[in-house]
Amino acid sequence: CDRCIKYNPFDTQRLLQELQVIRTWSPFHFPAWLLFEIEQNLTIRPIQAKVAFNMIENKSNHVLQLNMGEGKTSVIVPILCSAITSQKCAIR
């Protein structure tokens, strides 16, 4: 993880940013999401987690709209796939 390897203990601003991250999801329940954050060197934003939860919980067809740059392709789809995949099938 770049954030872990390149951590500078004297960079207090970066440390404060990391400490102020508020996750609206539990790494205990979604450890793959935490691994995704580390591997991709990003933080899953609350709106991204909210959209993913909405898509996981809602079994009927529905439409969601997000603006450009909200992480639909780079964040939401990968974490959604990791959450709904099972031992018997892979999502692609």
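The values are calculated or read from the model by the stated rules, or taken from the named source; none is laboratory data. In this text the structure is predicted, and so the values were computed from the model without any measurement. Glycine also receives a Cβ, built like all others from the backbone with ideal geometry; neighbour counts cover every protein chain displayed. Calculation scope for accessible area: heavy atoms of the full protein, side chains included, ligands and nucleic acids excluded. Shrake-Rupley method; radii C 1.70, N 1.55, O 1.52, S 1.80 Å.
With respect to residue 73, determine if the residue is open to solvent by less than 90 Å² (accessible area, probe 1.4 Å), of a type in the set (Ser, Thr, Tyr), out of contact with any strand residue (DSSP E or B) (no Cβ under 9 Å at 6 or more places or on another chain) and at pLDDT 85 or above. No: the conditions fail for residue 73. Considering only segment 24-33, I want to know if a residue exists there that is touching a helix residue (DSSP H, G or I) at 6+ places or on another chain (Cβ under 8 Å), modelled with pLDDT of 80 or more and not in a loop (DSSP other than H, G, I, E, B). Yes, the conditions are met somewhere in segment 24-33.
I want to confirm something. Restricting to segment 12-23 and keeping residues that are modelled with pLDDT under 80 and in a loop (DSSP other than H, G, I, E, B), which single residue is nearest to residue 79 (Cα to Cα)? By that ranking, first place goes to 21.
Taken together, the criteria exclude residue 81 from residues that are out of contact with any His (no Cβ under 7 Å at 6 or more places or on another chain) and at pLDDT below 80. Suppose we keep only residues that are modelled with pLDDT of 85 or more and not in a helix (DSSP H, G or I) within segment 36-66. Which one would you say is least open to solvent (accessible area, probe 1.4 Å)? Per the stated criteria, the residue is 44.
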